[in-house]
Amino acid sequence: MDAGSDAVLSAEAELALGDLGPAASRHNWRRSAVAVGDETVFAGLADGRVIAARLAEGKPEQRWSVDGDGERYVVSMDVSGDRLVIGERGSEGRICVRDAETGALLWEYVTAEDVGSPTNETFFAQPFVVDVRVAGDQIVAAARRYERDGDVQEWSSVVYGFDLEGDLEWAFDVQASPIAFDVDDEQVAVAYNRCPDTHDHECGLVVLDLETGDEVANWDPGTPGERRVGDVALTDDGIVVASHGDKHGYLLENNCGERWRVDLASERDFEGETLYAYPNHVAVVDGTAVFVTGNTFAEKTRDPDGRHPNEHTAFGVDLESGEAVWSHDVRGFARCVSAAGDLVAVPSAQNFRERDAETHAVHLFEAGSGLLETHPIKGISSAGDLADDRLAVIEEPVEYHDEGITRGEYRLHTWRLEAADRDSSGNDSLE
């Protein structure tokens with residue numbers, strides 16, 4: 001449902017972020033990042049700039065900004081206390097840590113020295129800092145680099161543990177493609193979505209000791225092919241995994257023994273086509289795992305006629321029983337999910353197969369019961385963060401190839417969380 005007068009999210013501010021070439025019908029690689037701090041929102045941009053905006057009475061006031069060189073993208077970001085951690089995509093794949101109050105550079109690390117320099121100038125070949133996270137008195141980051149020689153695809157990657165002053169305490173490197181990780185007080189769980197047959201690494205999930213970086217457990221969906229795991233979340237009840245291998249969701253014990261699995265978007269026959277969709281994201285709050293699936297794919301064609309019934313769908317799965325209790329069609333590709341309290345925000349971008357601008361929106365869910373509200377956006381939602389009673393989303397312009405119309409702008413949106421009587425409607429009951 002669209003947000004009304006009793007909305008949980010109250011629109012707060014918009015901030016123009018400058019010029020950016022529009023995304024196209026298919027999804028661009030990640031070009032922006034956002035993080036919510038204490039009354040400050042930090043935006044990392046496609047030209048390498050970083051902006052800190054304080055929000056006073058609904059009006060954004062720029063506190064500081066750092067210029068970029070136009071040759072690298074800020075693609076991951078986290079803030080905690082006085083530390084702002086930034087991950088880039090560019091020829092050096094830098095991790096930068098700045099003073100959150102002033103923007104001053106405290107230290108940086110060049111991941112290309114470990115994962116290698118790009119073999120060509122294409123965007124996809126650049127070293128890519130997948131995610132960064134402040135975890136107590138440590139900073140955890142994951143970086144990867146891709147190259148292709150004919151039909152042979154290769155990844156090199158490193159997961160890092162730094163202290164707050166920038167000293168490298170440990171590094172875990174494998175030839176595979178990390179796509180996400182999660183951290184708690186003791187562990188780092190790393191999801192690898194690609195593990196090529198030409199490499200030795202064959203685990204879609206690796207659990208590391210946070211203090212030492214030692215591997216303590218691993219797991220794999222055990223399915224043919226190189227696709228493995230799409231996302232992971234650590235909880236008090238175990239490890240929740242979104243599996244690319246068999247398109248299921250899992251709850252694992254801390255030692256990676258399986259407790260349950262639920263079918264999210266596995267292969268279905270549709271008028272002669274075998275269709276599936278990848279579960280790309282998971283967040284766990286309030287005893288519920290919220291999974292989100294992506295685009296329809298087919299076994300034998302890149303452009304299927306049919307659509308998987310569970311494409312672009314958010315599912316709420318009870319953590320104890322493994323039963324899906326609600327679902328909702330988010331209608332477009334979600335690049336991220338973000339959770340705080342008992343809420344989960346899902347920014348959805350373009351549906352490149354249907355190319356319907358009405359799908360561009362941000363969806364807010366109560367984890368245990370489903371959809372609370374939907375906020376339309378003219379462009380596409382490319383990055384989001386929900387924290388400290390505020391949701392921040394970066395909008396990018398988009399131009400579908402068969403329209404020739406640029407929709408939306410490059411700008412930052414913020415909403416405040418308001419107390420409201422939460423009545424989830426618009427979900428498909430699975431009871």
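Decide, for segment 324-403, between rounded, prolate and oblate: order the square roots of the alpha carbon gyration tensor eigenvalues as a ≥ b ≥ c, take rounded if a/c falls under 1.5, and otherwise choose prolate if a/b is larger than b/c, else oblate. Oblate. Please work out whether segment 94-163 counts as rounded, prolate or oblate from its C-alpha gyration tensor, where a ≥ b ≥ c are the square roots of the eigenvalues and a/c under 1.5 means rounded, while otherwise a/b larger than b/c means prolate and anything else oblate? Prolate shape, in that a/c is at least 1.5 and a/b is the bigger ratio. Between D163 and E57, the modelled labels are 4.5 nm apart [label points 7 Å from Cα along Cα→Cβ]. Averaging Cα coordinates gives a centre for segment 113-130 and one for segment 348-402; these two points are 29 Å apart. The overall shape of the chain is rounded: from the C-alpha gyration tensor, with semi-axes ordered a ≥ b ≥ c, the ratio a/c is less than 1.5. Stokes-Einstein diffusion for segment 122-226, with the hydrodynamic radius set to the Kirkwood value over Cα pairs and evaluated at 37 °C in a medium of 0.692 mPa s, equals 232 µm²/s. Relative protection proxy for 111-124, 368-381, from highest mean packing down: 368-381, 111-124 (other beta-carbon atoms within 10 angstrom). Modelled label positions at T274 and S117, each set 7 Å beyond Cα in the direction of Cβ, lie 4.4 nm from each other. Of the peptides 233-241, 83-91, 261-269, 302-310, the ranking by mean beta-carbon count within 10 Å, highest at the top, reads 83-91, 233-241, 261-269, 302-310. About the centre of its Cα atoms, the chain shows a dipole size close to 1300 debye [charges on the beta carbon of Lys, Arg (+1) and Asp, Glu (-1) only; nearest 20 debye]. Each helix, a run of at least 4 DSSP H residues, gives -39500 (n - 2.57); summed and divided by the residues of the chain, these come to 0 deg cm²/dmol at 222 nm. For trypsin sites (Lys or Arg not before Pro), no site in segment 193-243 is both called loop by DSSP and has at most 13 other Cβ atoms within 10 Å. Cα centroids of segment 176-216 and segment 290-309: 27 Å apart. Multiplying the residue separation of D69 and S321 by 0.36 nm and removing their Cα-Cα distance gives an extension gain of 85.7 nm.
Across segment 122-166, C-alpha contacts under 8 Å between residues 6 or more apart give a mean separation that, scaled by the residue count, equals a relative contact order of 34 percent. Taking a straight line from the alpha carbon of K59, these aspartates and glutamates sit under 17 Å away, with near neighbours fewer than eight places off in the same chain left out: E12, E14, D38, E39, D389. The label point for R355 and the one for E418, both projected 7 Å from the Cα toward the Cβ, are 3.8 nm apart. Subtracting the Cα-Cα distance of A171 and W29 from their residue separation scaled by 0.36 nm leaves 48.5 nm.
Compared with the alpha-carbon gap, the fully stretched path from V152 to E258 is longer by 34.9 nm at 0.36 nm per residue.
Between A16 and D286, take the C-beta separation as r, use R0 = 25 Å, and let me know the FRET efficiency to the nearest 0.05. Given R0 = 25 Å and the Cβ-Cβ separation, E is 0.10.
Counting only Cβ charges, +1 for Lys and Arg and -1 for Asp and Glu, the dipole size of segment 230-381 around its Cα centre is about 580 debye. For segment 277-431, the convex hull spanned by the alpha carbon atoms encloses 110 Å³ per residue.
Every number here is computed from the coordinates shown, using simple stated rules; none is lab data. Here the structure is a predicted model, which is why all the values come from computation and not from measurement. As a convention, Cβ positions derive from the backbone with ideal geometry for all residues, glycine included, and neighbour counts pool all protein chains shown.
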